[in-house]
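Colleague: My structure is below; once you've seen it, I'll send some questions.
The values are calculated or read from the model by the stated rules, or taken from the named source; none is laboratory data. Everything quoted here is computed from the prediction, not taken from an experiment. Please note: Cβ atoms are built from the backbone with ideal geometry, for glycine as well, and neighbour counts cover all protein chains shown. Just the protein is used for accessible areas: all its heavy atoms, side chains included, with ligands, DNA and RNA removed. Shrake-Rupley method; radii C 1.70, N 1.55, O 1.52, S 1.80 Å.
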Amino acid sequence: MPNETLTEQQKKWMASVKATLESSTGKTIPQWVEIARACPETKPRARQAWLKEHHGLGQNYAMMVLHAAAEADGVQLRDTGSFEETLWARPGDRAIFEAVKAVVSGFPDLITGQRKSFSAWSRKFQFAAMRPAKGGVRLGLAVPPDADPRLVPAKTEGWSERCTATLVLTDAGEVDAGVKALLRKAWELS
């Protein structure tokens with residue numbers, strides 16, 4: 001089974017956005033694709049802003065249209081492989097990432113979501129996420145902060161609000177039995 005990148009909840013949400021686009025705007029997705037093709041901008045954020053400014057689309061609708069246009073043109077809108085390579089370019093950070101990735105790769109029903117600024121893992125919802133940080137790698141977990149004395153409450157991280165506890169790892173060797181148990185617990189709760 002190929003590794004999924006969206007949870008069932010995310011797929012349902014995307015389907016609902018797509019379903020309401022036509023009724024909310026009076027245009028079908030193929031009509032919006034044609035409009036997107038006429039956009040003079042070339043970068044995704046600039047194209048999104050153009051659709052918002054010139055056609056009144058909200059962010060979700062604009063991104064839906066841009067994804068549909070890219071798909072229709074056979075273009076990959078996001079190269080998540082390059083996101084991973086760029087994000088985990090420093091050797092020490094890469095080693096920590098690979099150690100965590102090795103732990104979660106054996107979990108059933110794993111969904112990997114690579115973003116520009118963080119890597120995430122989900123089952124029904126996101127249970128862990130990580131990104132490079134000053135002095136190491138910040139690992140967010142969907143467990144209570146009191147689940148381990150090394151955990152601290154999460155601040156606004158930009159990943160799922162379900163990851164309520166964080167831990168800074170400075171070396172791949174710190175992905176020990178305790179961290180493995182926390183990852184497993186977060187997965188079980190998801």
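Colleague: What is the distance in Å between the Cα centres of region 28-99 and region 132-161?
Modeller: 28 Å
Colleague: Using label points projected 7 Å from each Cα along Cα→Cβ, tell me how many nm separate N60 and K18, to one decimal.
Modeller: Here the modelled spin labels are 1.5 nm apart.
Colleague: Still on this structure, please answer the following. At 7 Å along the Cα-to-beta-carbon direction for both A102 and L189, put a label point, then send me their distance in nm to one decimal.
Modeller: 2.6 nm
Colleague: Now for a different question. What percent antiparallel are the DSSP beta bridges of the chain, to the nearest 5?
Modeller: Numbers: 21 of 22 bridges.
Taking every DSSP beta bridge with both residues in the chain, the antiparallel ones total about 95 percent.
Colleague: Okay, next question. Could you work out the mean projected area of the convex hull around the alpha carbons of the chain, in square nanometres to one decimal?
Modeller: Over all viewing directions, the chain projects a mean Cα-hull area of 12.0 nm².
Colleague: Hey, got the dipole for the chain? About the Cα centre, +1 on K and R Cβ, -1 on D and E Cβ, debye to the nearest 20? Write out the running numbers ahead of the final one.
Modeller: Values: 26 positive and 22 negative charges, 60 e Å.
Computed about the Cα centre, the dipole is about 280 debye.
Colleague: Which of the pairs K27/K101; K52/K134; K43/K180; K101/K134; K27/K124 have their Cα atoms more than 31 Å apart in this structure?
Modeller: Among K27/K101; K52/K134; K43/K180; K101/K134; K27/K124, the Cα-Cα distance tops 31 Å for K27/K101; K52/K134; K43/K180; K27/K124.
Colleague: Per the 1.4 Å probe, what fraction of the accessible area of the chain, in percent, lies on carbon and sulfur atoms?
Modeller: Numbers: 5720 of 10790 Å².
Of all accessible area on the chain, carbon and sulfur atoms account for 53 percent.
Colleague: Across bins of 10 angstrom width beginning at 0, how are the C-alpha pair distances of region 49-121 distributed, in whole percent?
Modeller: 17, 32, 28, 19, 4
Colleague: Oh, and also: Suppose all protein chains stay in the model; what accessible area per residue would a 1.4 Å probe give for the chain, in Å²?
Modeller: Per residue, the chain has an accessible area of 57 Å².
Colleague: Would you compute the Debye intensity of region 91-170 from its alpha-carbon atoms alone, equal scatterers and no solvent, and pass along log10 I(q)/I(0) at q = 0.11, 0.21, 0.24, 0.27 Å⁻¹ to two decimals?
Modeller: Per q value, in the given order, log10 I(q)/I(0) is -0.25, -0.97, -1.26, -1.50.
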